[in-house]
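Student: This is the structure, below, for whatever I ask next.
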Amino acid sequence: RLGDWAMAVFSSRAARMSSLALLFCACLVQTQEPKQSSGRMLFPPHKASLLKRWLVEGAARNRRVRGRAQAADVGFRRRIWAAWFGHPMAGSRKAVFQALNRSTGVPVTLVTQANLQSFVLPDHPLHPAFEHLSAVHKSDYLAAYLLHHYGGGWHDIKRPHGSWRGHFDKFQNDSLWLLGPREVQPGHVACNDMVASLDAACLELRKPLNESADYFMPIADEPPTSYVNGQLDPWLVSKGVCCERIRRDHSVLVGVQAFIARPGTPFTEEWLTTNHRRLDAKLEALKKYPAPFPRCCFNHESGYPLGWNDLKGGAFHPLCHKHRAHVDTSMPRNPAMPYRDPRSEDSTER
């Protein structure tokens, strides 16, 4: 009567939740065909079928329980966000997204125009300028929005370095707010001196220059992209004394292509708030000069008032530097491999 006893044990709620019970019954089911006792099979076909169904359901239930436990031990759900607006991905771009799903070891949530509203919180609507943004800037805005309100990983649609499971485990340390790969050279740092003003240490650097949070000047020639319609835009100044310091300290910064952020921290709050302030200042110009094409804009084409790094790196790096005591730069960098494809690049976010 071993088969009947195992069925009775497994049918109990407690045993169905037990990995040991699952393992024991799985072994019995797998070996039941050749095993006979007094001419009888341990599990007649109808009982074996029922038990196999319970095994599948029990395994799925255990996975859900483990998922909730993992979320509880770091304080937020373990998943990676990505965004894509425009035509369907194709070729290399589609291949790297499939690699992202396959190799990171955590669920990947792709936000698109079709499902965007399901992630917008009723009490926290998107900024009114969102509809006027380029596909690139929609993605950058959502990185700040989603990580502040939900937390988790962010990954541009590029080839990943491998599993992210161990990186999420590090967030069991409550003092960790941000984890990603280290920036390797000053030229990779995006910085806006307006955002750098949020750091008291920046204001100390400006005092000898008679500058303040509201008044500052570049100490080197600004690139042409810092000018909009011939005027130096304070939201685009990147050659002030504060940004120069941040570029020198690039090794404490996280790269902007792939990282994990804890939700609701001063880092994510200041990132999202800064983006809202910037979009408030540019809203009327964005209504008049919306993005002329998806991968806009490096040079303010058609009067588009935002710079390429405005909503991500330009704010992300100064705030990363400010909160560097809560930053971990131990994540490996992504492999340098092709990811663009001409069949979809005219409508991609990255």
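Student: Subtracting the Cα-Cα distance from 0.36 nm times the residue separation, let me have the gained length for Gln117 to Glu269 in nm, one decimal.
Tutor: Gain on extension, Gln117 to Glu269, equals 52.6 nm.
Student: Tell me the accessible surface of Asp214 in square angstrom (1.4 angstrom probe, heavy atoms of protein chains only), to the nearest ten.
Tutor: Counting only protein heavy atoms, Asp214 exposes about 150 Å² to solvent.
Student: 5 Å is the cut-off here: which amide hydrogens, built 1.01 Å from N in the peptide plane, fall below it relative to Val228, excluding neighbours closer than 5 in sequence?
Tutor: When sequence neighbours closer than 5 places are left aside, the close amide H contacts are Asp233.
Student: At 1.4 Å probe radius, can you tell me the per residue accessible area of the stretch 133-229 in Å²?
Tutor: Value returned for the stretch 133-229: 41 Å² of accessible area per residue.
Student: Shape of the stretch 78-132 from its Cα gyration tensor (a ≥ b ≥ c, root eigenvalues): rounded if a/c is under 1.5, otherwise prolate when a/b > b/c, or oblate?
Tutor: Cα axes put the stretch 78-132 in the oblate bin.
Student: Further question: So if I take the centroid of the Cα atoms in the stretch 208-284 and the same for the stretch 125-186, what is the distance between those two points in Å?
Tutor: Comparing the Cα centres of the stretch 208-284 and the stretch 125-186, I get a distance of 18 Å.
Student: Which cross-chain or sequence-distant (5 or more) residues have an amide H under 5 Å from the amide H of Ser134, H modelled 1.01 Å from N in plane?
Tutor: For Ser134, the qualifying residues are Ala291.
Student: In the stretch 163-309, how does Rg compare with the Kirkwood Rh, expressed as the Rg/Rh ratio over alpha carbon atoms?
Tutor: A ratio of 0.99.
Student: Leaving ligands, DNA and RNA out of it, report the carbon-plus-sulfur percent of the accessible area of the stretch 253-325 at a 1.4 Å probe.
Tutor: That fraction is 52 percent.
Student: Could you grab the Rg to Rh ratio for the stretch 89-166? Cα atoms only, Kirkwood for Rh.
Tutor: The Rg/Rh ratio comes out at 0.98.
Student: A further question follows. Can you tell me the FRET efficiency between Thr225 and Ser251 if r is taken as the Cβ-Cβ distance and R0 is 41 Å, rounded to the nearest 0.05?
Tutor: After rounding to 0.05, the efficiency reads 0.95.
Student: Please give the solvent-accessible surface of Glu222 in Å², to the nearest 10, using a probe radius of 1.4 Å with every protein chain present.
Tutor: Answer for Glu222: close to 20 Å² accessible.
Student: Using a Förster radius of 56 Å, what is the FRET efficiency between Asn299 and Arg165 based on their Cβ-Cβ separation? Nearest 0.05, please.
Tutor: Here the calculated transfer efficiency is 0.85.
Student: Another question, then. Around Pro107, under 9 Å between beta carbons, what's the net of Lys plus Arg minus Asp minus Glu among the other residues?
Tutor: +3
Student: If amide H atoms are built 1.01 Å from N in the plane of the peptide, which residues on other chains or at least 5 residues away come under 5 Å of the amide H of Ile80?
Tutor: Answer set, sorted by chain and number: Val108, Thr109, Gly153.
Student: In Å and from the alpha-carbon atoms only, list the Rg and Dmax of the stretch 262-314.
Tutor: 12.6, 37
The values are calculated or read from the model by the stated rules, or taken from the named source; none is laboratory data. Computed from a prediction, not measured in an experiment: that's the story for all the values here. Neighbour counts are summed over all protein chains in view; Cβ atoms, including those assigned to glycine, are modelled from backbone coordinates with ideal geometry. Keep in mind that these areas ignore ligands, DNA and RNA; they rest on the heavy atoms of the full protein, side chains included. Shrake-Rupley method; radii C 1.70, N 1.55, O 1.52, S 1.80 Å.
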